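First up is the structure itself, then whatever we jot down about it.
The values are calculated or read from the model by the stated rules, or taken from the named source; none is laboratory data. These numbers were taken from a predicted model, which means no experiment stands behind them. Please note: Cβ atoms are built from the backbone with ideal geometry, for glycine as well, and neighbour counts cover all protein chains shown.
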Amino acid sequence: MLESIQIRGNTEMQKTAETLQADAAHYREQRAVISQSTKKSDMPIAAVSNKPNRKVYDGQSKAVLPGQLARQEGDPESSDNAVNEAYEGAGSVFQLYYDVFNRNSLDDNGMDLVATVHHKSNCGNAFWNGYQLAYGDGDNVIFKKLTELSVIGHEFSHGVVQFSGGLVYRDQPGALNESFADVFGALTEQYKKKQSAKEASWLIGEGVFTERVEGQALRSLKEPGLAYDDSILGKDPQPYHMDFYVNTTQDSGGIHINSGIPNHAFYLLSQYLGGNAWEKAGQIWYHAMQNLNNSLATFADWADATIRSASLRYGHGSYEMKMTRRAWKLVGVM
Ligand code: ASN
Ligand code: ZN
């Protein structure tokens, strides 16, 4: 995506691309952190309750994290919309994992949900750094502010992967890490809006592009490859099938690209099973991650893990198990 801006963009766009490129180097450093697995015993023991402990900081457009505390648990609304979106969004993520998966925060031990808004200036990204989230305000050329619910769910779900044993943040395990984040980002929004698998948009980051961009969102689980098609950004590069798997050294081996394949498998399964995606498909995916125990898992390993998960939960030879296998066949992984 960054390269196409540099080739096709005007000067203003090129400046944006340079900023993004500098950020990309910074994210590569963070990938080592994001890949890590943190054992529960490494963590301080929190007072366990059934409520989130949210802390939202104002980064004041600087790079230093976390910044200045702007709203913590129980505080009234802030005058700053980004602060409120980050706070409310963190609450929605907590509620999805607590209500549906019986998980108490990212580490299942009630850890604080920490986020910084207004991270750096003109930053068109959001990320999990192993300890907390940071959201940019966007450059207002391509990106608006990043505090959008499916993005919030995506970023915190990187924390869930980390505390579930981790997936190395490159190549296929990296694309699986990305896909888990997209799936649970989509589920965060669906659970909040009480939308069925049929009704849902299955978009990640709807509304984060400015009006200048020809595109509906960052990614689509329903239609990978069709989220945007823009003169500056180029076309959404995501494949939906192994026949179109992208072999690249860009993007840590295409982790935000090839994630389209497992994303689409989840979408297909949720359509086969009907109802709300968090009820059956979400359970199959969540428990597969809890039992994966392989931070170098390939798409094929993950497909096996989800079929095993469906079999354990719904019975060997169950409809759920058969449809899980079918979803993986349709995207060419089996
Ligand atoms: N927004 C990106 C992500 O969460 C940041 C990154 O490349 N780590 O995938
Ligand atoms: Zn991600």
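For beta carbons closer than 8 Å, sequence separation of 6+ or different chains, a first residue in the range 218-230 that is assigned to a loop (DSSP other than H, G, I, E, B) and a second that is surrounded by 24 or more Cβ atoms within 10 Å (Cβ to Cβ) and of a type in the set (Lys, Arg), the qualifying pairs are ALA227/ARG219. Does the range 253-274 contain any residue that is in a loop (DSSP other than H, G, I, E, B), surrounded by fewer than 22 Cβ atoms within 10 Å (Cβ to Cβ) and under 17 Å from the mean Cα position of the chain (by Cα)? Yes, some residue in the range 253-274 is in a loop (DSSP other than H, G, I, E, B), surrounded by fewer than 22 Cβ atoms within 10 Å (Cβ to Cβ) and under 17 Å from the mean Cα position of the chain (by Cα). Scanning the range 288-300 for residues that are part of a helix (DSSP H, G or I) and either at pLDDT below 95 or touching a helix residue (DSSP H, G or I) at 6+ places or on another chain (Cβ under 8 Å) (or both) returns ALA288, MET289, ASN291, LEU292, PHE299. At pLDDT below 95 and crowded, with 20+ Cβ neighbours inside 10 Å: is that true of ILE45 in this structure? Judged against the criteria, ILE45 is not a match.
Evaluation of ASP171 against the conditions (1) within 13 Å of SER35 (Cβ to Cβ); (2) surrounded by 21 or more Cβ atoms within 10 Å (Cβ to Cβ) shows that the sole unmet condition is (2). Just one residue in the set GLU178, GLU206, GLU189 is in contact with a Ser or Thr (Cβ under 6 Å, 6 or more places away or on another chain), away from ligand 1 (no atom under 11 Å from the Cβ), touching a residue at least 12 places away in the same chain (Cβ under 8 Å) and charged (D, E, K, R); that residue is GLU189. For the range 185-196, a residue qualifies if it is more than 11 Å from ligand 2 (Cβ to nearest atom) and either assigned to a helix (DSSP H, G or I) or crowded, with 24+ Cβ neighbours inside 10 Å (or both), and the qualifying residues are ALA186, LEU187, THR188, GLU189, GLN190, TYR191, LYS192, LYS193. Here TRP302, TRP285 are screened, and the one residue that is under 23 Å from ASP236 (Cβ atoms) and in contact with a Ser or Thr (Cβ under 8 Å, 6 or more places away or on another chain) is TRP285. Within the range 278-287, is there a residue that is surrounded by fewer than 18 Cβ atoms within 10 Å (Cβ to Cβ), among the charged types (D, E, K, R) and assigned to a helix (DSSP H, G or I)? No, that holds for no residue.
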